[in-house]
Amino acid sequence: MRIRRCVVFSICLVALAMLATPAWAQRDLGRETLNPSDGWAAFSTATTGGSAADSAHVFYVSNRQQFVAALNNRDTTPKIVYVSGMIDANVDDNNQPLTCADYARNGYTLEGYLAAYDPAVWGRTRVPSGPMEAARVASQAAQQARVRLRIGSNTTIVGMSKEAGFRGAWLDIRDATNIIIRNLNFQDTYDCFPQWDPTDGAEGNWNALYDSISLRNTTHVWVDHNRFEDVATADSTLPVYFGRLFQVHDGQLDITNASDLVTVSWNRFLNHEKVMLIGSSDSSTGDRGKLRVTIHHNLFGDISQRGPRVRFGQVHMYNNYYKLDATPQYQYAWGVGRESAIYAENNFFRTDKTMTPEMFIRVFGGTAIRESGTFVNGKASKDFVDVVALYNAAKDPDLGTDVGWTPTLFINLQPTLNVQGTVQGHSGPFDLD
C-alpha cells in the first residue's frame, strides 16, 4: 500500500510540475531539429540550428536591444534565442519608438521628393538623381541601421507564444549556414523611403528595400510555422503618387545569391504583393546548381505575385493552399524564370470566378514547369485542373513539363482534397499558451 501511495504521489507531483511549466517549455522548440526527410534543407548534412547550445548561449529576449546582444555580432557558437512578445525594430537604444521623420537626413522630405521627381517636371526616361535623391538614400541608410538585424550561423530563433515576433524588422541572413526560424509573426517590414523609378514598367513604380527575411549566400535553413503579414502598413492603407501605389514593402521571404538547401513549411504569407523571390537576377549564373528549395503546407492568402518567382533553382512545391478570392492586385502565383525547375504537386487553389487557372503561371524566360494534382475551388474529380495545359492553350510559346529532376526528400504527400483544411487549420505559429 505504501509503495502504491508513493507511486500515485509521484505521478501527481509530475502532473503538477507539468501544469506549472509553460507549454512552450514542455515542447522545447529551441531544441527541435529538422526531420531528416523534410525537404532540401535535410539534404547532405542536417539542419539543426542552435539546438546544441549550452546554457550560456540560450537567450530570452523581448526587445530589440536584447535581441541584438543575443546575436553577438553574428557569433557562430550554437545559440537559441527565445522571443517573447512583439519586438519592434523601429526603436532607439532605450526602446522608444522611431518614426520615419526621425530617420530623415540631409533635408529629405516626401513633399520635396515628390516635387523634384514629378514626371511632369523630371520626365519618365531617367531615374532620380541629384540632392533630393541623395538625401533619400541617406535617410534609407539611417533606417536600415536600425531595422536590419544580422543573423549568424548555427542559430535557432523561436517564439515563446503564438503572439511572439518582430514588427518592422529585416532579418538579414547572409554568408551563414544552419539556421532555424520558427513560431514567429513578422509584421509590417516597411521602408520609409522607397525610390521612384519612372522607367520601371510602362507607368513607373515605387521600389522599397527590406524583406522580413532574406537569405543570401546561405545554406541549410528551415523556416517553419511563421506568419508574415502587413497590418498597420497594409497596401490598402497606402497613398498613390504619380499614379502608382506608394509601395513601402519588398519581399516577405527572399532566397537569393546562391543560397541553397532551404525548407519553407507550414507558414502563412498574407495580404502582400511580392512574397517570395528565389534567384537574384537572370545574369546571376553563379546561382546555377544552387537555390534548391522545398515549399510545403504553406498558406498563400490574397497575395499579388511571387508565390514564388523562381530562377535557376530546383524548387519542390507541394500541398500548399493558395487562397486568392479577394485579391484585386493579383498578378500570378508561380513565376517561371530563367532555367527554373519547379516541381509542383497537389496544391489547392481557392479563387473567385474571374481568376482562371492559366493565370496561376507567369513566364519570365523559363521554359518548363512540372505540375500535377492541382485542384481549384472544390474537392471532386471535376475540380482537378492541368494548369500547364490550360496555360499552353491560352499563351505562346508553350511550356514544357520536363524539368530534369524528381523530388525525393519529403515526408508525406497528402491528397489534394485534404490540403485546404490541413493548411488552414495547422499553418502559422503554434498555439503554445
Dimensionless Rg ratio for the range 246-323, taking C-alpha atoms and the 2.2 N^0.38 Å reference: 1.07
In Hz, Karplus ³J(HN,Hα) per residue of the range 149-157 (6.51, -1.76, 1.60; θ = phi - 60°; x = Gly, Pro): 10, 8, 10, x, 5, 6, 10, 10, 10
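What trypsin sites (Lys or Arg not before Pro) does the range 181-278 have in DSSP loop regions with at most 16 other beta carbons within 10 Å?
On the way: sites: R182, R216, R227, R244, R268, K274; in loops: none.
Within the range 181-278, no trypsin sites (Lys or Arg not before Pro) qualify (loop, at most 16 other Cβ atoms within 10 Å).
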Paired Rg and Dmax values of the range 24-161, which use every Cα atom, in angstrom: 21.2, 63
Other-chain or far-sequence residues with amide H under 5 Å of R150's (modelled H): D172
Size-normalised alpha-carbon gyration radius of the range 297-433, reference 2.2 N^0.38 Å: 1.02
Largest-first principal axis extents, alpha carbons of the range 291-332, Å: 31, 20, 8
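Rounded to the nearest 0.05, what FRET efficiency is calculated for V240 and R174 with R0 set to 35 Å and r the Cβ-Cβ distance? Kindly include the intermediate steps, with their values, before the conclusion.
Numbers: r = 34 Å, r/R0 = 0.96.
Calculated value: 0.55.
Just to confirm a number: summing +1 for Lys and Arg and -1 for Asp and Glu over residues other than S139 whose beta-carbon lies under 13 angstrom from that of S139, what do you get? Please list the in-between numbers first.
Values: positive: R105, R136, R146; negative: D102, E133, D191.
Charge balance in the 13 Å sphere: 0.
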Percent of C-alpha pairs per 5 Å bin, the range 76-232, short to long: 2, 9, 15, 17, 16, 14, 11, 8, 6, 2, 0, 0
Cα coordinate range in the chain, projected on the principal axes (Å, largest first): 93, 58, 39
Taking only Cα atoms of the range 381-433, radius of gyration then Dmax in Å: 16.7, 52
Debye intensity ratio in log₁₀ form over the Cα atoms of the range 236-382, taken at each q of 0.13 Å⁻¹: -0.56
Subset of K323/K395; K290/K353; K274/K353; K162/K353; K290/K395; K79/K162 violating a 31 Å alpha-carbon distance limit: K290/K353; K162/K353
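Read-outs: derived from the displayed coordinates by stated rules, not from any lab. Quantities reported herein were computed from a predicted structural model and do not represent experimental measurements. Because the Cβ atoms are built from the backbone with ideal geometry, glycine has one as well, and the counts that use them run over all protein chains shown.
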